[in-house]
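Only one structure is covered here, and it is reproduced in the block below.
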Amino acid sequence: MLAISKREFIESFKGIKPIIIIAIFLITAYYSGKFSDLLLSANIDFTAEELEGIHTIAISGLLIIFGMLFVMGLSHDTMNREMHERTIRFLVTRTSRSAIIIGKFLGIWFFWIVCLVTSFMVISIFVHKFDMITLFQATSLVAYYLALTILLSVLIPKPGFTMFLSIVLGIAFPIFNSWTVFTSNPWVSWMKYLLPFYYINDRNFYFVGILLLVGVILFIAIAIFNRREC
Amino acid sequence: MFAIETKQLTKTFGKNKVVDQIDLQVKSGEILGFLGRNGAGKSTFINMLTGIIQPSSGSYSLLDVQGPNDDIKKQIGVMPDYSALNASMTAMKHLKFLAAVSEKPVSDERCMDILKLVGLEEQAHKKAGKFSFGMKKKLAIAQAIIHDPQLIFLDEPTSGLDAESVIHIHQLIQQLHQQGKTIFMTSHNLDEVEKICSRIAIMKDGKIGKMGSMDELRAYYQSTITVTIKHSPIRSTHLPTLEQWLTLTGTQLEMKTSQFTIHVTSEKKIAEIIRALGKYNIDIYRVDVNEPSLEEIFLDE
């Protein structure tokens, strides 16, 4: 599992897409740190809670709006590419299928953690404080996106289709998830518990709920992969 | 101890029974050659044992451990029938990575030794994407043995390789056999199987038709031992009696004045024929015994 995680982590940095995403995060972090004080100087009534997270709000916003698109764009083919090209056979004959999925998940998640921690450190240079709660929420959110991406990659055998799906879901997911959180329609509202935004609505430890959902999604992905013929 | 034991192992795709209730036992340290026409179910059978696909029913054990079992995977090496290598990884990185996945990390020296064994030492730092078909095949064999497994599955290890590489791979298989490894290999090359395997199983329509050592398989076909005897001319007075006697001894194919060909059921009959010819004062110039080749057995199956 560790070898798979290590390879996924290193592979995540290769290519132009991760460089663009890292650049977007670092630039956002830089301007977020540099200009967040401007928001404070404007005559806007912020709650104490909002003031706490104001320096990292740009990163949070970026993750909420584009997070799914970024994660799926980078990792939509993490499983199905290997199954399609049958490189997966070298792995399934050596280790358990759960180790493959968890190894891949941890490797890519660690890539995102590195990106986020770096971004938060850039912000902390300007504001002289490190927003741990928002960082935990952000990493939990990325974990959810990633688990969902891996599940889809196990479910859908064609990498071309998951690439298309990554664009559609990347756009639709934040809109739909926001709707479930703010709607009063009971037929839709219950879904907020299955989606991540509800758990990061406030600065608290509800993000643990996201990690539980991540566990459930990965469990389903492993169960499906165990039945898959490679 | 059996390295491989299957009981009623079956795989069904839809209504199609690809592997049909196979009972098989492979002893530790032997090389079992698995033969069969295309679509006979050989690869499906290997894929079930190696965890690539799940059996529909039946059971199997590898190295005395009931399968499927993830821990036993560390002790088996698999060269799948069709598999692509990661194009962006070098041969060396492939070996190091896959050994680490097996939780048996290896040194660079070990990787180089294995690459030398398969004849890829000069390509150690080349990316697999630039490899020829033969080189990819060799790397696939190298990854199967890098972690020093006890049981090795090779699915058509020499198909598509040039003659020199085939000899090289045969030597490697023999070497692994001498180290006490159990090798289960499929092949379409009958000569190869006959030459290097201690036992042979022939699969047909998802079942094992014949199984045994080359001698045992030939024993099934002893009726097809063909003997051609070149001799001094037979006196016309002796000819009818001798012809009658030969008809009782075996199936006569051809009778000429100085040569005849006959099918016999056992080697003992050959001795009887030679003794009989001696009785009639017929000189024997040459005896050709044609035992059934694996190809004949295979085609008959």
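Checked against the criterion of being assigned to a loop (DSSP other than H, G, I, E, B) and in contact with a helix residue (DSSP H, G or I) (Cβ under 6 Å, 6 or more places away or on another chain), region B:3-15 has no qualifying residue. Mind counting the residues in region A:199-223 that are surrounded by fewer than 18 Cβ atoms within 10 Å (Cβ to Cβ) and not in a loop (DSSP other than H, G, I, E, B)? Counting residues in region A:199-223 that are surrounded by fewer than 18 Cβ atoms within 10 Å (Cβ to Cβ) and not in a loop (DSSP other than H, G, I, E, B) gives 9. Is it true that B:Gly29 is at positive phi and either open to solvent by less than 60 Å² (accessible area, probe 1.4 Å) or not in a helix (DSSP H, G or I) (or both)? Spelling it out, B:Gly29 is indeed at positive phi and either open to solvent by less than 60 Å² (accessible area, probe 1.4 Å) or not in a helix (DSSP H, G or I) (or both).
Do you know which residues across region B:45-59 are open to solvent by 10 Å² or more (accessible area, probe 1.4 Å) and touching a residue at least 40 places away in the same chain (Cβ under 8 Å)? Passing the criteria: B:Ile53, B:Pro55, B:Ser56, B:Ser57, B:Gly58, B:Ser59.
When B:Leu120 is tested against (1) without any contact (Cβ under 8 Å) to a residue 40 or more places away in the chain; (2) closer than 19 Å to B:Ile169 by Cβ; (3) open to solvent by 30 Å² or more (accessible area, probe 1.4 Å); (4) hydrophobic (A, V, I, L, M, F, W, C), exactly one condition is not met: (3). Annotation note: of A:Lys158, A:Lys129, A:Lys104, the sole residue that is among the basic types (Lys, Arg) and at pLDDT 95 or above is A:Lys104.
Each residue in region A:13-54 was checked for being in a helix (DSSP H, G or I) and open to solvent by less than 20 Å² (accessible area, probe 1.4 Å), and 8 pass. The set of residues in region A:143-182 being open to solvent by 30 Å² or more (accessible area, probe 1.4 Å) and over 30 Å from A:Glu82 (Cα atoms) consists of A:Ile175, A:Phe176, A:Ser178, A:Trp179, A:Phe182. Filtered by the rule that a residue be away from every other protein chain (no Cβ under 14 Å), closer than 17 Å to A:Ile101 by Cα and among the β-branched types (Val, Ile, Thr), region A:195-230 gives A:Val214, A:Val216, A:Ile217, A:Ile220.
Within region A:74-88, restricting attention to residues that are surrounded by fewer than 19 Cβ atoms within 10 Å (Cβ to Cβ) and assigned to a helix (DSSP H, G or I), the residue that is modelled with the highest pLDDT is A:Arg81. Which of the residues spanning region A:54-110 are farther than 17 Å from B:Phe97 by Cα and free of Cβ contacts under 8 Å to residues at least 24 places away in the same chain? Hits for region A:54-110 are A:Ile54, A:Gly61, A:Glu85.
Kindly indicate whether A:Val71 is surrounded by fewer than 23 Cβ atoms within 10 Å (Cβ to Cβ), away from chain B (no Cβ under 14 Å) and part of a helix (DSSP H, G or I). No: the conditions fail for A:Val71. Got at least one residue in region B:89-109 being more than 14 Å from chain A (Cβ to nearest Cβ), in contact with a Ser or Thr (Cβ under 6 Å, 6 or more places away or on another chain) and buried (at least 22 other Cβ atoms within 10 Å of the Cβ)? No: region B:89-109 contains no residue that is more than 14 Å from chain A (Cβ to nearest Cβ), in contact with a Ser or Thr (Cβ under 6 Å, 6 or more places away or on another chain) and buried (at least 22 other Cβ atoms within 10 Å of the Cβ).
Being closer than 22 Å to B:Ile31 by Cβ, more than 10 Å from chain A (Cβ to nearest Cβ) and modelled with pLDDT under 95 is true of B:His177. Considered as a group, the residues in region B:60-78 that are more than 9 Å from chain A (Cβ to nearest Cβ) and in contact (Cβ under 8 Å) with a residue 24 or more places away in the chain include one that is nearest to A:Ala99 (Cα to Cα), and that residue is B:Gln75. Of the residues screened, B:Gly39 is not one that is within 14 Å of chain A (Cβ to nearest Cβ), open to solvent by 10 Å² or more (accessible area, probe 1.4 Å) and more than 15 Å from the chain's Cα centre (by Cα).
The values are calculated or read from the model by the stated rules, or taken from the named source; none is laboratory data. No experiment lies behind these values; they were computed from the predicted model shown. Cβ coordinates were reconstructed from backbone atoms using ideal geometry, including for glycine residues, and neighbour counts include every protein chain displayed. The area values use the complete protein model at the heavy-atom level, side chains included, leaving out ligands, DNA and RNA. Shrake-Rupley method; radii C 1.70, N 1.55, O 1.52, S 1.80 Å.
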